[in-house]
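Undergrad: Right, I'll just put the structure down here and ask away after.
The values are calculated or read from the model by the stated rules, or taken from the named source; none is laboratory data. The model shown is predicted, which means the values in this text are computed figures rather than measured ones. Please note: Cβ atoms are built from the backbone with ideal geometry, for glycine as well, and neighbour counts cover all protein chains shown. These area figures cover heavy atoms from the full protein model, side chains too; ligands, DNA and RNA do not enter into them. Shrake-Rupley method; radii C 1.70, N 1.55, O 1.52, S 1.80 Å.
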Amino acid sequence: MQTAIAFIVIFGSLVFFHELGHFLFAKRAGIMVREFAIGMGPKIFGMTKGETVYTLRLLPIGGYVRMAGDDLDSVELQPGYRVGLLMNEDNVVEKIILNQNSQHPNVLFLEVERADLERELWIEGYDEDENLVRYNVARTASIVENGKETIIAPYDRTFNAKTVGQRSMAIFAGPLFNFILAFFLFLMMGLLQGVPTNESLPKIAQVADSGVASAAGLQRDDVVTAIDGNKISTWEDLSQAIQAKMGQAMVMEVERQGERLTFELTPNIVENDKGEKVGQIGIYAARAYEKSPVKAVAYAGELTYETATMIFKAVIKLVTAQLSIDELSGPVGIYKYTEEATSYGIFNLMFWAGALSMNLGIMNLLPLPALDGGRLLFFGFEALRGKPIDRQKEGLVHFVGIVLLMILMIVVTWNDIQKFFF
């Protein structure tokens, strides 16, 4: 249950902040936002505030901000439509009712001849006396169909009416808010836990299940005091002593709850990431922390930079085929790693959430169709050409991208299921 709650909170927060970035900068540019959704699939909760519907959907695999001007957003009144009109006191249309069976006492019926609900805002047609009439339409007018009201979007309130810069910022703001969330989580770690100091005590925070230290009998919270009679004062002293004795037997003295114990063990010889041979006994440091608001800000910046660098390197390895697709993880893998992070405490969970947020932001900025980076790439082409690329062609490219991403998600999820359950 702890893992499930942690997964829902973390994943929900990442999606919420990502979509919040899109939402705030779209509103700032004057774009009408139809819907702010967390999750995908069928709606399980919804509320309307102003011109935006806020929804929670069944599948926790993403979210979206639906802006006015999307392909599925426009409503066209074709010639011959019979609609009902509700007027205000200035004889301007406030509601256009598509259902012909409306029983509203003040409705005026009209057979549509022409209409412009984007730029000049008018509707023209034949009234019940077969006279051709034209009415102005209010900017805040709504279209009513089967009891559902949708506010019309004048062209200047649509996404495509905005400048390249405004549209780019509305799209880039999603990943940007993921970076901000990661920095905030790392900052809270620095403020609440403290900033790790260089001089850590030679205290064991964790003993690996299968390792030399575990076999010898070392335990968590043991404090190493000497190796082969030489005093150990810091973790750095301990690390250097282990490196000096790799492959050789050594005597380790520790203090455990006021009692002094002695253990004999031989460090294994392993290769690190750089291909160097090092000594290892399977213990992890209990680091010392210092609480300082100023240092916490610097610490958050360092973690943000280091995490971003690590993710960029992984992306480069994936592109250059140095990293197999089997090493990627989807929702199932994220759930299992969240379970592991939860077992190590709240600060490990916060770091994991921050790393996931950075990962979501960076992956979304990749110049691939259907991702934010792909849309930004098209905006770049538009800026260079001086005119937008054909909307239908761009939409087709993004559609193909979505299909390919869904196939990749299915493959990655299947690999995760095999990896963790079989």
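Undergrad: Considering (1) modelled with pLDDT of 90 or more; (2) buried (at least 17 other Cβ atoms within 10 Å of the Cβ); (3) out of contact with any strand residue (DSSP E or B) (no Cβ under 7 Å at 6 or more places or on another chain), say which one residue 120 fails and leave the rest.
TA: Exception for residue 120: condition (2).
Undergrad: Give me the pairs, please: first residue somewhere in region 230-249 and at positive phi, second residue anywhere and open to solvent by 70 Å² or more (accessible area, probe 1.4 Å), beta-carbon distance under 9 Å, and either six or more positions apart or on two chains.
TA: Listed by first residue and then by second, the contacts come to 247/268; 247/269.
Condition check ((1) open to solvent by 50 Å² or more (accessible area, probe 1.4 Å); (2) acidic (Asp, Glu); (3) within 30 Å of residue 20 (Cα to Cα)) across all residues:
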site: 173; (1), (2), (3): no, no, yes
site: 204; (1), (2), (3): no, no, no
site: 220; (1), (2), (3): yes, no, no
site: 232; (1), (2), (3): no, no, no
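Undergrad: So, one more: Report, by residue number, each residue of region 326-346 that is open to solvent by 70 Å² or more (accessible area, probe 1.4 Å), modelled with pLDDT under 80 and closer than 21 Å to residue 406 by Cβ.
TA: Passing the criteria: 326, 327.
Undergrad: Condition test on residue 287, is it closer than 29 Å to residue 14 by Cβ, touching a strand residue (DSSP E or B) at 6+ places or on another chain (Cβ under 8 Å) and open to solvent by 80 Å² or more (accessible area, probe 1.4 Å)?
TA: Yes, satisfied.
Undergrad: Output the residues belonging to region 125-143 that are β-branched (Val, Ile, Thr), open to solvent by 20 Å² or more (accessible area, probe 1.4 Å) and under 18 Å from residue 111 (Cα atoms).
TA: Our first condition is that a residue be β-branched (Val, Ile, Thr); within region 125-143, this holds for 133, 137, 140, 143.
Checking the rest, the ones that are also open to solvent by 20 Å² or more (accessible area, probe 1.4 Å) come to 133, 140.
Within region 125-143, just 133 meets the criteria.
Undergrad: Residues in region 364-382: is at least one at pLDDT below 85 and within 20 Å of residue 66 (Cα to Cα)? Give the steps one after another, and end with the answer.
TA: Keep residues of region 364-382 that are at pLDDT below 85, which gives 370.
Still in the list and also within 20 Å of residue 66 (Cα to Cα): 370.
Scanning region 364-382 turns up at least one residue that is at pLDDT below 85 and within 20 Å of residue 66 (Cα to Cα).
Undergrad: I would also like to ask the following. Check region 200-223 and report whether any residue there is at pLDDT 90 or above, among the charged types (D, E, K, R) and either closer than 30 Å to residue 366 by Cα or within 42 Å of the chain's Cα centre (by Cα) (or both).
TA: Within region 200-223, one or more residues are at pLDDT 90 or above, among the charged types (D, E, K, R) and either closer than 30 Å to residue 366 by Cα or within 42 Å of the chain's Cα centre (by Cα) (or both).
Results for (1) of a type outside the set (Ser, Thr, Tyr); (2) buried (at least 18 other Cβ atoms within 10 Å of the Cβ); (3) in a helix (DSSP H, G or I); (4) without any contact (Cβ under 8 Å) to a residue 60 or more places away in the chain, shown as yes or no for each residue.
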residue: 348; (1), (2), (3), (4): yes, no, yes, yes
residue: 353; (1), (2), (3), (4): yes, yes, yes, no
residue: 363; (1), (2), (3), (4): yes, no, yes, yes
residue: 378; (1), (2), (3), (4): yes, yes, yes, yes
residue: 388; (1), (2), (3), (4): yes, no, no, no
residue: 398; (1), (2), (3), (4): yes, no, yes, yes
residue: 405; (1), (2), (3), (4): yes, no, yes, yes
residue: 419; (1), (2), (3), (4): yes, no, yes, no
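Undergrad: Within region 234-284, count every residue that is touching a helix residue (DSSP H, G or I) at 6+ places or on another chain (Cβ under 7 Å), of a type in the set (A, V, I, L, M, F, W, C) and crowded, with 19+ Cβ neighbours inside 10 Å.
TA: Count: 3.
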